[in-house]
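Chemist: My questions all concern the structure below.
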There are 2 protein chains.
Amino acid sequence: MATPHVVILGGGFGGLYCAKALAHAPVKVTVIDRQNHHLFQPLLYQVATASLNPSEIAIPIRYVLRAQRNAEVLMAEATRVDVANRRVTLVDGHIDYDFLVVATGATHSYFGNDAWASRAPGLKTIEDAVEIRQRFLLAFEAAEREDSEEGRRAALTFVVIGAGPTGVEMAGALAEISKKAMGQDFRHIDPRSARVLLVEGLDRVLPSYEPALSEKAEAHLVKLGVEVLKGRRVTDIDEQGVTVGGERIAARTVVWAAGVAGSPIARTLGVGLDRAGRVLVAPDLSVPGHGEVFVVGDLAVVMQDGKPVPGVAQGAIQGGEHAARMIMRAIAQEGSEPFVYEDRGSLATIGRNAAVADLGRVKLAGFWAWAVWAFIHVLFLIGFRNRLFVMLSWSWSYFTYQRGVRLIQRKVPPTLLSADDDPSIEPPAPRGDA
Amino acid sequence: MATPHVVILGGGFGGLYCAKALAHAPVKVTVIDRQNHHLFQPLLYQVATASLNPSEIAIPIRYVLRAQRNAEVLMAEATRVDVANRRVTLVDGHIDYDFLVVATGATHSYFGNDAWASRAPGLKTIEDAVEIRQRFLLAFEAAEREDSEEGRRAALTFVVIGAGPTGVEMAGALAEISKKAMGQDFRHIDPRSARVLLVEGLDRVLPSYEPALSEKAEAHLVKLGVEVLKGRRVTDIDEQGVTVGGERIAARTVVWAAGVAGSPIARTLGVGLDRAGRVLVAPDLSVPGHGEVFVVGDLAVVMQDGKPVPGVAQGAIQGGEHAARMIMRAIAQEGSEPFVYEDRGSLATIGRNAAVADLGRVKLAGFWAWAVWAFIHVLFLIGFRNRLFVMLSWSWSYFTYQRGVRLIQRKVPPTLLSADDDPSIEPPAPRGDA
């Protein structure tokens, strides 16, 4: 029999750790991703908030696997899986497999309001992060040029929707930068007057954490100046702002950190999906009826002890490694085993010196949680250079309160201001408190 | 009399050094730029070749001027100057001045072949650099997936047009990365087989340098594997490649480093321009007939000792500072003085350990020129953080031969391959030399 061919869709945590776990298996491995890089998503919000460079949390997948001789990397976009014929269709070709691991993750869901996407971008890719960074920085530029107090207020109002870890981290970072990093840079506005609102439909922030940690996280957020709106749903988002539980909030910048939708390729597997489009896998992570197809990471719904395995890096890493073991057992003609998720805890940071950590028996908040958070995130970053540069960036920000990546990179819209009749710009008039 | 208002268009070297030179002058200063950042253009080619992050050579203009209380920064795009009424029109407003300094620089010229722009991007902005980086990295990804030897050859052929400092530095860096940094990353291609061609219409590389240094630079380029085509003009660029002096070269990636065109706002000044659209300024850098309007940097044509002041950072810095002095003299009702450019030398790097330096009496080539080049470039970078990170990036690249920013960041085109009938992709077949 020819060497079995394992095709892995997606070079995130699930796909990459699966490929690495197969390094010494008697298989050929092909990792397919539409990006050239593995992205360390837990730090993506730091790119969106001008702390880190995109390249510091990304690394070429083929560079990570360069020494693994049984693996190759293909930059391509998979559109469909034909499980009956064991074939993956790409936008520009196809590829056959003996074993398939689908690790294409999830994206955000606007709960049917797809029109909100352009007004309230989510945070899943480097491109999203650069877009949000640009909007955030442009808001201050626009505020500096606004004539009316009303326009200035809207420009300096930032709304983050969804108070899971990403939303909490975003809101904390936005508040911190506004209060600390913009210092003396502006003449007509005081960046410290910026409002950051965090909106959550459920009744507490970090709803998947212990209630005691939610409380501590909220207290930290409030201390940073974030306005937390709990138990309130967003009913509308338009050019001028958002409507939250009936209340209208004028805001130029809105960020979406709510809702999960499985990657669309799941629909072509011909198996059961949950409402969010994620695959209901068998206990061994395979697809029901196709023991040679596995789904791991955010795209899989795995129930354990009556609750779902959380969509975090550890879930994907352990799932990817489990799928690799199952493939090796199948080749050795051994039976499959159920996946057992080992909960290593949850972490979320809320700003300088502040985080919450749920490490099973140990629950931390404040500085030590923050230190644990920083250590673990550097540890799981791939690549020595990335680790070094992230640590340096953090140290620099820590001591200077500055953000090193205040770069508006993309084509700038020709106008920052809303339609107005040729406004005249006055020469420098320092603001009152200067 | 009210405090005179100095408007500076452009936050490059000329504009920024002019603003700083006015720090203690009895004026109000407004710096207008359509970007939020000052860009250190001499290192832009290192962003295009995946060595440096965009933010490491860019810094928010308002951060640089944060402590200069008589200055403010406006992110806006100027479209027209009305010299009679001393007013600048912006896309979204207007602003009046008492003194105007136009430092909007130059862009590349395609000599009337504007259709070439999309095929052969030039290198002037961060966006250009990220675009070229993406094309360069995608070329290797496409080559890895190409079935035909012909397609692979075209994908791995890089043509740089124009052998001034930017073209020489680009070609050297592209060759170096192909030979060294891609190492074991690919399975079906050998990145070392990439061809880098440098095309120059004149009869030597670095035509503005001493002939002896041109020879040394060319020797270094050839040693790196660059094919130098001198005295040959590009007559066509299309989807499949370029035509150089009648010869057809199939190439997927083409970079434009030739031609200069003054920023379009110059045309609204109502004064004489040269063929490239640059302003023919008076000896004091003012615009003939308007002593209160100055043009500095790449947009100005300044003749000295029978030859033009070169379009380099030093020319812009000294010009900006001169314009500031002239404004202060005018306010003090003193007469104007001619601009005297002090030539501090020219530098160009050709890769690891190799550069050429023309420092007046001292002419260097090789390692010491390279050391001088690195020292001066770090020195003129603005911002401690940028200096630190650039030095670290260089050290890391120097010792590892790697490039830290191999990131394809923008939306990836859905297909890497040219139209083909559903090509099947074979599982891993290591290349011959593995």
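The values are calculated or read from the model by the stated rules, or taken from the named source; none is laboratory data. These numbers were taken from a predicted model, which means no experiment stands behind them. Backbone-built Cβ (ideal geometry, glycine too); neighbour counts: all protein chains shown. In case anyone asks, the SASA skips ligands and DNA or RNA and just uses the protein heavy atoms, side chains included. Shrake-Rupley method; radii C 1.70, N 1.55, O 1.52, S 1.80 Å.
Chemist: Tally the residues that are of a type in the set (D, E, K, R) and part of a loop (DSSP other than H, G, I, E, B), restricting the search to segment A:183-237.
Modeler: 10
Chemist: How about segment A:124-144: which of its residues are open to solvent by 20 Å² or more (accessible area, probe 1.4 Å) and out of contact with any strand residue (DSSP E or B) (no Cβ under 6 Å at 6 or more places or on another chain)? Step through it out loud before you land on a result.
Modeler: Quick first cut of segment A:124-144, residues open to solvent by 20 Å² or more (accessible area, probe 1.4 Å) only: A:124-125, A:127-128, A:131, A:135.
Once the filter is applied, which keeps residues that are open to solvent by 20 Å² or more (accessible area, probe 1.4 Å) and out of contact with any strand residue (DSSP E or B) (no Cβ under 6 Å at 6 or more places or on another chain), segment A:124-144 yields A:T125, A:E127, A:D128, A:E131.
Chemist: Something else about it: With A:V47, A:V27 as the choices, which residue is farther than 24 Å from A:L379 by Cβ and hydrophobic (A, V, I, L, M, F, W, C)?
Modeler: One residue alone meets the criteria, A:V27.
Chemist: Please specify each residue of segment A:56-79 satisfying the condition of being among the β-branched types (V, I, T), open to solvent by less than 30 Å² (accessible area, probe 1.4 Å) and farther than 20 Å from A:A324 by Cα.
Modeler: Within segment A:56-79, A:I57, A:I59 qualify.
Chemist: Look at B:G245 and say whether it is exposed (fewer than 15 other Cβ atoms within 10 Å of the Cβ), in contact with a Lys or Arg (Cβ under 6 Å, 6 or more places away or on another chain) and either modelled with pLDDT of 95 or more or not hydroxyl-bearing (S, T, Y) (or both).
Modeler: For B:G245, the condition - exposed (fewer than 15 other Cβ atoms within 10 Å of the Cβ), in contact with a Lys or Arg (Cβ under 6 Å, 6 or more places away or on another chain) and either modelled with pLDDT of 95 or more or not hydroxyl-bearing (S, T, Y) (or both) - is met.
Chemist: Any residue in segment B:190-207 that is β-branched (V, I, T) and surrounded by fewer than 24 Cβ atoms within 10 Å (Cβ to Cβ)?
Modeler: no
Chemist: Continuing with this model, one more query. Answer yes if at least one residue in segment A:28-35 is closer than 24 Å to A:E127 by Cβ, surrounded by fewer than 24 Cβ atoms within 10 Å (Cβ to Cβ) and acidic (D, E), and no otherwise.
Modeler: No.
Chemist: Give me the residue from segment A:374-394 that is in contact with a strand residue (DSSP E or B) (Cβ under 9 Å, 6 or more places away or on another chain), in contact (Cβ under 8 Å) with a residue 60 or more places away in the chain and more than 9 Å from chain B (Cβ to nearest Cβ) and, out of that set, nearest to A:E169 (Cα to Cα).
Modeler: Within segment A:374-394, the match that is nearest to A:E169 (Cα to Cα) is A:H377.
Chemist: Mind checking which residues of segment B:183-195 are within 14 Å of another protein chain (Cβ to nearest Cβ) and either under 17 Å from B:R406 (Cα atoms) or touching a Pro at 6+ places or on another chain (Cβ under 9 Å) (or both)?
Modeler: Correct list: B:G183, B:Q184, B:D185, B:F186, B:R187, B:H188, B:P191.
Chemist: Please return the ranges of helices (runs of 4 or more DSSP H) entirely within segment B:79-182 where 1 or more residues are within 27 Å of A:L407 (Cβ to Cβ).
Modeler: Working: elements: B:126-145, B:149-155, B:165-176.
Because the criterion is at least 1 residues that are within 27 Å of A:L407 (Cβ to Cβ), the helices (runs of 4 or more DSSP H) in segment B:79-182 that meet it are B:126-145, B:165-176.
Chemist: Another question, then. Just wondering, is there one or more residues in segment B:20-29 that are within 13 Å of another protein chain (Cβ to nearest Cβ) and in a strand (DSSP E or B)?
Modeler: yes
Chemist: Continuing with the same structure: Inspect all residues belonging to segment B:306-318 and state whether any of them is crowded, with 16+ Cβ neighbours inside 10 Å, touching a His at 6+ places or on another chain (Cβ under 8 Å) and in contact (Cβ under 8 Å) with a residue 12 or more places away in the chain.
Modeler: No, that holds for no residue.
Chemist: Among the numbered conditions (1) crowded, with 24+ Cβ neighbours inside 10 Å; (2) away from every other protein chain (no Cβ under 12 Å), tell me where B:E176 comes up short.
Modeler: Here B:E176 clears every test but (1).
Chemist: Can I ask one more? Within segment A:84-105, which residues are under 24 Å from A:R329 (Cβ atoms), of a type in the set (A, V, I, L, M) and within 12 Å of chain B (Cβ to nearest Cβ)?
Modeler: Selection gives A:V88, A:I95.
Chemist: Separate question: Take the residues of segment B:42-68 that are more than 7 Å from every other protein chain (Cβ to nearest Cβ) and in a loop (DSSP other than H, G, I, E, B): which is farthest from B:L388 (Cα to Cα)?
Modeler: Going through the qualifying residues, I end up with B:Q68.
Chemist: Same structure again: Under 7 Å between Cβ atoms, which residue pairs at least 6 apart in sequence (or on different chains) link something in segment A:240-259 that is assigned to a loop (DSSP other than H, G, I, E, B) with a partner that is among the charged types (D, E, K, R) and open to solvent by 30 Å² or more (accessible area, probe 1.4 Å)?
Modeler: A:G245/A:R232; A:G245/A:R233
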